[in-house]
Amino acid sequence: MNPANPGAHSPSSHRGDSVSSSRETTTRFPLDDWMEAVETEHVPRSDLNQIVLDYLINAGHKDAAVKFAREAGIVLTVDVGLMDNRVKILDAAHDGRIADCMKLLEETSPDLLEYNMDVYVVVMKQMLLELIRERKISEALQYAQDVLAEKGAEDPTLLEDFERALALLAFDKPEESPYGDLLDLSKREEVKAQLNETMLAADGRSAESKLALICKMLLWSQDDLKKRGVTFPRLTDLATGLIVDNTDRSSGESHSVLQGLMM
Amino acid sequence: MEKKLVELYPWVNQAETPIPMCWNPKDKFSYITLTQNDTKILYKGPGKSQKDAAAVRTKHPIPVSCGLFYFEVKVISKGKEGYIGVGLSQPDVNLNRLPGWDKGSFGYHGDDGHTFWSSGTGRSYGPTFGTGDVIGCGLDLVNNKCFYTKNGMDLGVAFTDLTHPSLYPCVGLQSTGEVVETNFGQEPFMFDISSIKKELEVDARNVIAKYQAKLSRGEWEQTLQKIVLDYLVHNGFHAAAESFSKSYRNTTEGNGGVHVRQFIEMVGGRDSGVAGQPEGKSHLRPSRTPSPRDLNRNGSTKHTNGILKEEPARPNGLALNFDSEMETEVVLEDHSGDCVMEVDMPVGSDAGTHTNGLAVAHNGGDVTQSMDFDDDDDEENKVVFGGNPELLRRTLDFGKHLNEFAAKEAFSLMAYSDPWRSPLAHLLDPLQREPVCASLNSALLGDERQTSHPALKVLISHSKRLFPLQAKRGSGVIAFRNIFEVLRSLNIPDSERMVSSCSGKTSDSESSSC
């Protein structure tokens, strides 16, 4: 039911809001204590090994996975032979043999690219770039024409991407041109990663390795806590595991922002 | 009882954040009486007007690590008017009121079926309720929403944006004869919460899955590679490390950008721009190491300065281990460019130009870059000390710095014209370098990176440390997705994972292989 006089009986109605609770979160976590805890925290070696093995298998590093299992004394209960097709396709993408890559895909999972248009576009783009990289100019032009005739109409971004790629042909040394980033080999890694995810997902397997999940969760957790006003030592570099005292840093940042505004 | 709770709320640490299981006799208005272990609420006030409203909160707030918190209130008697409110309340909200009337409180009222959202004005929401009805109240801590059920039927979302970190279950009564009983999970619920839980699990996964790291796709993949390579190197899984590094070698090398070598150095933590290394603290101060390929293989190994300075106060085990290996290496005169180091010797070691093929070994015995697996130059091996007085002097000088006992063996090598065929040849075995690599690596990493553990271990330990903070102040997502859950899923045997993933029935967190 409604109270006759809403709010009249609520002298304390403002007490319970977030002001009081944010006060209690100023608990400090000194970096040294935190590091000591991180240092002494026990993580079973077997867990770490499993994470690494999972990554190697997930990312399609068959040879490394087999060797790692041997060195770490893990009995592989997974038939790594099942990886072979995926590894072949990923290797082809890795080496820039996109035509091979597409052929293998066609053989092993015929409709995969048709059902994953976004990945298909990425692969086609890479195909064109690899032709340009090899200076197969007429082939590149022909390929671009064929693809655009077929798919370009459906997808305006494809047209745009192809135009950028073809602009590379205007340069003697495309790698050093303003569009050189297109030929960066990290693009192959991106194609590879996307293909891998698509193939894993198509097989009903986890597209993401445990390692990727752990890293994502870590970054998300830190952002979430920060958003909620909790101060704690932050891990700022995944690759080295560098942890910094966030309290000092954030105040420093806001300070410099202020200075920037004042100037 | 405990077992039921663990089933309902597997990620709640009761010692830190107890689950509300009863009403709080110290946090109720005086018109309320509690019985049955503080789960039954009886109204004992005058019951004449709103001024006689009385509410009670639970002993503890709802921990976010519940993910989904749910309780049910059974109306034993609606009393005279059935002014019964079921809901949630922040601490310190006036208890002389029904839940929902004031800021920081939320309630569903039996007499009119309205919900009250921090306001004296209700909104129509669901049916009225009275004697015999069971009203459930659920707090979804993933999406910060509240929903109600009546007699096992979901009534839908009632409130959103419930982000306050301490919300308490709350019941308010106002007329004579009202009696309700509460089930906080002690008994089976009338409503099946498992379907809601499944939905929230999907939501929680999506929260993480959609989270975008501030890295490009390529950088993200590279980061993961670095973590893995770091782990393999750190723990001496050499064959795996070699194979793994080969699989992205050409990408990184041909790139004009990151050279594999630099890459490995980055893994070693040296190129990562790590700041804050206390001055004078490090005993071994690594700096840029030239790639072995930059050095002339056939001698004229120029020693760059200051890679490793010998100082008196090194950690003992390492110092000994390292020194004696150093001796061996000098005998070998590996392209010790690999292990470029100037040992504090009276001899100007950068003058160390050695005649062709004087003394060579090979095999990437590089201490930190233990990753150089080239097999191409075995031919150059095995030429002995030839008459180079400079080298001999350096070797001897260096030897003087060594602990006598530890150096003895290494020194003995010099007695043989062909150290590789001597009884002490094992010292020259590249395998001997591995323990050195490991201890040096640890020392270098430890110096540069705060800790001597591989990054992977740090990531996990750090995540584990974050968990209790999140359990107190974070999001309910952690009830469905957290580091412990991921680690636990590792222990599901691969075979099961395979079977389940092949049948396509399990959730993707369980399947991982191939």
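The values are calculated or read from the model by the stated rules, or taken from the named source; none is laboratory data. Only a predicted model underlies this, so the values are computations on that prediction, with no experimental measurement involved. Here Cβ is always computed from backbone atoms with ideal geometry, including for glycine, and neighbour counts include all displayed protein chains. The area values use the complete protein model at the heavy-atom level, side chains included, leaving out ligands, DNA and RNA. Shrake-Rupley method; radii C 1.70, N 1.55, O 1.52, S 1.80 Å.
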(request) Compute the distance in nm between two label points, each set 7 Å from the Cα along the Cα-to-Cβ direction, one at A:Asp146 and one at B:Thr131. (result) 8.3
(request) Using the heavy atoms of the protein chains and a 1.4 angstrom probe, tell me the accessible area per residue for region A:47-106 in square angstrom. (result) 38
(message) For a Förster distance of 60 Å, can you work out the FRET efficiency between the beta-carbons of B:Lys44 and A:Asp223, rounded to the nearest 0.05?
(response) 0.75
(message) Averaged over its residues, how many other protein chain Cβ atoms are within 10 Å of peptide A:86-98's Cβ atoms?
(response) 1
(message) How many Å² of accessible surface get buried when A and B come together, counting both sides, probe radius 1.4 Å, rounded to the nearest 100?
(response) 9200
(message) Could you sort B:Cys137, B:Cys22 by their accessible area in this structure, using a 1.4 Å probe and putting the largest first?
(response) B:Cys22, B:Cys137
(message) Computing the accessible area with a 1.4 Å probe over protein heavy atoms, can you report the carbon and sulfur percentage for region B:41-94?
(response) 44
(message) Please report the carbon-and-sulfur percent of the accessible area for region A:79-202; probe 1.4 Å, protein heavy atoms only, DNA, RNA and ligands left out.
(response) 50
(message) Here is the link list: B:Lys51/B:Lys80; B:Lys4/B:Lys472; A:Lys187/A:Lys210. Which ones come out longer than 18 Å on Cα distance?
(response) B:Lys4/B:Lys472; A:Lys187/A:Lys210
(request) Kindly report the accessible area of region B:1-131 per residue (heavy atoms of protein chains, probe 1.4 Å, no ligands, DNA or RNA), in Å². (result) 40
(request) Shielding by partners for A:63-72, please: the mean number of other protein chain Cβ atoms within 10 Å of each residue's Cβ. (result) 6
(message) Checking the table B:Lys40/B:Lys74; B:Lys226/B:Lys246; A:Lys192/B:Lys226 against a 19 Å threshold on Cα-Cα, which pairs fail?
(response) none
(request) Write out the trypsin sites (Lys or Arg not before Pro) in region B:1-103 meeting two conditions: DSSP loop, and at most 12 other Cβ atoms within 10 Å of their Cβ. (result) B:Lys48
(message) Once you place label points 7 Å from the Cα toward the Cβ at B:Asn24 and A:Glu163, how far apart are they in nm?
(response) 6.5
(request) Report A:Arg164's accessible area, 1.4 Å probe, all protein chains in place, as a number in Å² to the nearest 10. (result) 100
(message) Starting from 0.36 nm per residue, how many nanometres of slack lie between B:Arg123 and B:Thr163 once their C-alpha separation is accounted for?
(response) 12.3 nm
(request) Run the 1.4 Å probe and let me know the accessible area of B:Trp117, rounded to the nearest 10 Å². (result) 70
(message) Compute, for region A:79-202, the length of the dipole vector about the Cα centre, with Cβ point charges of +1 (Lys, Arg) and -1 (Asp, Glu) only. Units Debye, rounded to 20.
(response) 280
(request) Order these peptides, B:176-182, A:38-44, A:67-73, by their mean beta-carbon neighbour count within 10 angstrom, highest first. (result) B:176-182, A:67-73, A:38-44
(message) Placing +1 on the Cβ of each Lys and Arg and -1 on the Cβ of each Asp and Glu in region A:79-202, which of A:Val121, A:Ser138, A:Val80 has its Cα farthest towards the positive end of the resulting dipole?
(response) A:Ser138
